[in-house]
Amino acid sequence: MRLILLFVILASLVLVPFFIWGETLMSIFSQQGSVDWLQQFDSWAWVAGILLLAADLVLPIPATLVMASMGFLYGPWLGGLLAAFGSFLSGAIAYGLCRQLGEPPARWLLGERDFERGQILFAKAGGWIVVLSRWLPVFPEVIACMAGMTRMSQIKFHTALAISAIPMGFVYAFIGQAGVDRPILALALSAGVPPLLWLLIQKYWRKKGILVD
């Protein structure tokens, strides 16, 4: 019960900034607005873009528009790499901060029973939860926090995070560079490629007898 309650609380904390600043940030970081904002930083625009994507952890930044802007400014390959890194950084920070909380406080927050349930859930299905949630709004930040709090395997989490962030970054950078709006294609690729990659990685780990705890 506490596990579900914590999920709701974390989701609410992510949504509160959206209701406060969401409309303002959406107007500033529209497709053209994101490009104009990043260009203010000249040769440091790539740093500003990565920081914006990392800030999506606490602010309602329209991440996909920022990723597209990176593609517009730097092309589909370099822009995609920068966008993927920014998305990865956001998830890694959320996971790292919550993991640093430590096991005793996590057990206190969740209760012994729900903490153990969470550990079992993320040990068995954490990779799938990460790759299937990364392209959704709100959920990526919450899932990353809960993965850290329940001490999901670092290798599993960061692998799942990478194979989710990389396709998303390159897809939206390509769209931004091409100057086209294809949200259905972007959604299909961002949602479909990570699960396929996770299946292949799991198969490889099993074949090599690699145990990831």
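Values quoted throughout were computed directly from the atomic coordinates according to the rules given, and no laboratory measurement underlies them. Note that the coordinates shown come from a computational prediction; the quantities given were computed from them, not determined experimentally. All Cβ positions, glycine included, derive from the backbone under ideal geometry; neighbour counts span all protein chains shown.
Annotations for the structure displayed:
- Loop sites in the range 96-126: chymotrypsin sites (Phe, Trp or Tyr not before Pro), DSSP, at most 15 other Cβ within 10 Å: none
- Residues Trp128 and Trp77, FRET efficiency given R0 of 30 Å [Cβ-Cβ distance, rounded to 0.05]: 0.55
- Separation in nanometres of the label points that stand 7 Å from Cα toward Cβ, at Leu97 and Asp42: 3.2 nm
- Inter-label distance for Gln154 and Arg107, nm, one decimal - labels placed 7 Å from Cα along Cα-to-Cβ: 2.1 nm
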